[in-house]
1. What FRET efficiency comes out for the pair Glu130/Glu74, r = Cβ-Cβ distance, R0 = 30 Å, nearest 0.05?
2. Below 8 Å between Cα atoms, with a sequence gap of 6+, how large is the relative contact order for the stretch 3-192 in percent?
3. Tell me which GluC sites (Glu not before Pro) from the stretch 82-147 have a DSSP coil assignment and no more than 14 other beta carbons within 10 Å of their own.
4. Could you order peptides 6-19, 38-51 by the average number of other Cβ atoms within 10 Å of their residues, highest first?
5. If eta is 0.692 mPa s and T is 37 °C, what Stokes-Einstein diffusion coefficient results for the chain, Kirkwood Rh from Cα pairs, in µm²/s?
6. If amide H atoms are built 1.01 Å from N in the plane of the peptide, which residues on other chains or at least 5 residues away come under 5 Å of the amide H of Gly150?
7. Charges only on Cβ, +1 for Lys and Arg, -1 for Asp and Glu: so what's the dipole of the chain about the Cα centre, in debye to the nearest 20?
Amino acid sequence: MGTVTLGVSIAVPEPHGSLLQQRRAGFGDPAAQGIPTHVTLLPPTEVASADLPAFRRHLARVAMAGRPFPMRLEGTGTFRPLSPVVYVKLAEGIAECAELQERVRSGPVRRELQFPYHPHVTVAHGIAEEAMDRAYEELAEYAASWTASGFALYEQGADGQWRKLRDYPFGEALAAPGVPAQACPVDAPAHSVRP
């Protein structure tokens, strides 16, 4: 039946997402335009197409149990020399992201991590050392904050581009006054639900 490459992440909202994506491209990272700015919950994972419906149901359950939480980016870090990555650090929301990624990976799609989970926003990956040094220095004072109200499921196309399949708002974010959260649509198409 074939496989698909999936990822689950919390999008960095506008205007921060576009700004960091442009900066990443400016540092010479060729992957910048194909990867929306995000905090990873499930890294790129090959999944049997037949398992996708069950995984979507699992993500809907995880989202319904979740609640919005504050996230704040501040300063830069790097995984060098272990991995050629420079990132913007998550200063708030770390524990919530760690718990969320465990729940995402506890369903029908299981994924062992190569390294311990460390939520971050990549701004340079696998490029020249000088360019990574520049990313580290130029974004050292960067800061942004927002409220995470859900996460999204993405698929990587044959062209290497990541495309959103569906948004999964947290239960509390969906509930309108007087409407129980359980009655809200947790698996609506991405175009009808905004993150």
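Taken together, the values in this text are just the output of simple stated rules run on the coordinates, not laboratory data. It should be emphasised that the depicted structure is a prediction, and the values quoted were computed from it without experimental measurement. Note: ideal-geometry Cβ built from the backbone for every residue, glycine included; neighbour counts use all protein chains shown.
1. Numbers: r = 24 Å, r/R0 = 0.81.
Efficiency at R0 = 30 Å is approximately 0.80.
2. 29 percent
3. Sites meeting the loop and neighbour criteria: Glu112, Glu141.
4. Ranking, from highest mean packing down: 6-19, 38-51.
5. Translational D for this selection: 189 µm²/s.
6. Excluding prolines and chain starts, which carry no amide H, the hits are Phe170.
7. In total the dipole reaches around 620 debye.
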